[in-house]
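The values are calculated or read from the model by the stated rules, or taken from the named source; none is laboratory data. Note that the coordinates shown come from a computational prediction; the quantities given were computed from them, not determined experimentally. Here Cβ is always computed from backbone atoms with ideal geometry, including for glycine, and neighbour counts include all displayed protein chains. These accessible areas exclude ligands, DNA and RNA; they are computed on the full protein's heavy atoms, side chains included. Shrake-Rupley method; radii C 1.70, N 1.55, O 1.52, S 1.80 Å.
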Amino acid sequence: MLDSLFRRLVPRGLLGRALLIILVPLVAVQIIALYLFYGSHLDVISRRLAGAVAGDVAMVVELLARHPRDEERGWIFREAAWRLDLSLALEPGAVLGPTSSRPASLPLLPLEEDLDDAMRERVRLPFDTDWQSDPRSVIIRVQLPDGVLHAEAARKRLFSGTLYLFVIWVVGSSLLLFLVAALFMKNQVRAIRRLAEAAEAFGRGRDLGPMKPEGAAEARQAALAFNSMQGRIRRFVESRTEMLAGISHDLRTPLTRLRLGLAMLPADAQDDAAAMTQDVEEMDRLIAAYLAFARGEGTEQAAPADLGELVGEAAAKARRDGAQVEVEVPADPLVLAVRADALRRCLGNLLDNARKHARRIAVGLSRVPRGDAGAWAMLTVDDDGPGIPEDAREEAFRPFATFSAGGTGLGLAIARDIARAHGGDIVLEDSPLGGLRARVRLPA
């Protein structure tokens, strides 16, 4: 339970996780610093300042009690204003009513509570502290035997300006460190992201050329290694393609001579020549299939194409070959960057397999959302044939594995290779028509 919750809360991307690694210790250190500040320094300073103000008020109250004459009170008020920075006024005969509850003006600071504690400890008379009436001062009312004493003290006597400086320093340094770390990590992650995009594009057959090394030394080294690997794979594909083209030419040369020899046979041997010609044609077809499987489709570059049009072309060709094909494609164009010739071959192989074993074929195309906010282009080929047992469906994708006489066993293998080269895949399922369904999934 906790593990799944933790996985949902932790960012999935490298940038988010790296910033989290930096941010968590930073916040922890700042919380400890604030706790120590509030628990020791601010608490001590606040109690001392509150005690000083309460002591001044207590001294004034004691002097008024010892010198009750009016002329002496006037002298006490003048001296308090000059020496203690207290503005005093006496309201004769007044009675201090019950103290009304007021919201705290500084709820995050202990100033009000410390002043009340100091007044109870040093004055020991009924009092009231008003922090709301004047934003620049605190009004303290004390109940005397002959009236109510009003004492007004400046707030700066109860508040230390170092609090603002400390908070600004803590918050400002944290934000500055976080911004610097975010900018630095974004540049590093950008290099890794570009490397991943280049690898994905190269895997789908899009030749973007060598990528520019950037970022940290490790990211640059990975980019250089990727460029080197890309070049080696490209040279390997080119050399293999040239070799297979030569093999194709060498193999077809004797077949061509056989065709010419069979065509020149006398008329009484034409029946035997026809059967031998069929064997030669079959050999030519097998050689073409083997070479197509071995060569792959790596030399073709990906380009935007409408899958609906490709499906329509493949279905029209299957109909010309005698198949009954129903097509259902979306009204809006579904354009993807694909290798069109390779994808035509993939669809053609699937339709050929269905045509050989079924009477009715249905082809569908749709866009399906996926979990990473992207989408899949989903292509289905259904037939009403005998199908393939579920435990043998994966075996059908193996090269040269065939379930019918006269087949090469390469149609599904080539189709899956093409789909995977585009970043997708092919799976075999039960068809609603009663036969087999081939589901092609391509990233949209």
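Before moving on, here are some points about what is shown:
- Amide N of region 19-37 lying under 19 Å from the label point, which is placed 7 angstrom from the Cα of residue 184 along Cα→Cβ: 19-30
- Length gained when the stretch residue 82-residue 157 is fully extended (0.36 nm per residue, less Cα-Cα span): 25.5 nm
- FRET efficiency, residue 63 to residue 28 (Cβ-Cβ, R0 45 Å, nearest 0.05): 0.30
- Computed extension length for residue 229-residue 288: 18.3 nm, one decimal, from 0.36 nm per residue of separation with the Cα-Cα distance subtracted.
- Here the spin labels are modelled as points 7 Å beyond Cα on the Cα-Cβ line, and at residue 139 and residue 427 they lie 7.7 nm apart.
- Surface listing: 384, 279 arranged by accessible area from highest to lowest gives 279, 384, probe 1.4 Å.
- Treating r as the C-beta distance of residue 165 and residue 216 and R0 as 51 Å, the FRET efficiency rounds to 0.90.
- Distance (nanometres) between label positions extended 7 Å along Cα→Cβ at residue 391 and residue 303: 4.8 nm
- Cross-link partners for residue 356 among the lysines, with Cα-Cα distance under 20 Å and sequence neighbours closer than 8 places in the same chain left out: 317.
- Protein accessible area in region 140-233, 1.4 Å probe - carbon and sulfur %: 68 percent
- Note on region 297-380: with neighbouring protein chains present and a 1.4 Å probe, carbon and sulfur make up 49 percent of its accessible heavy-atom surface.
- Taking 313, 113 and ordering them by how much accessible surface each has at a 1.4 Å probe, largest first, produces 113, 313.
- Percent accessible area from carbon and sulfur atoms, region 13-77, protein chains only, probe 1.4 Å: 71 percent
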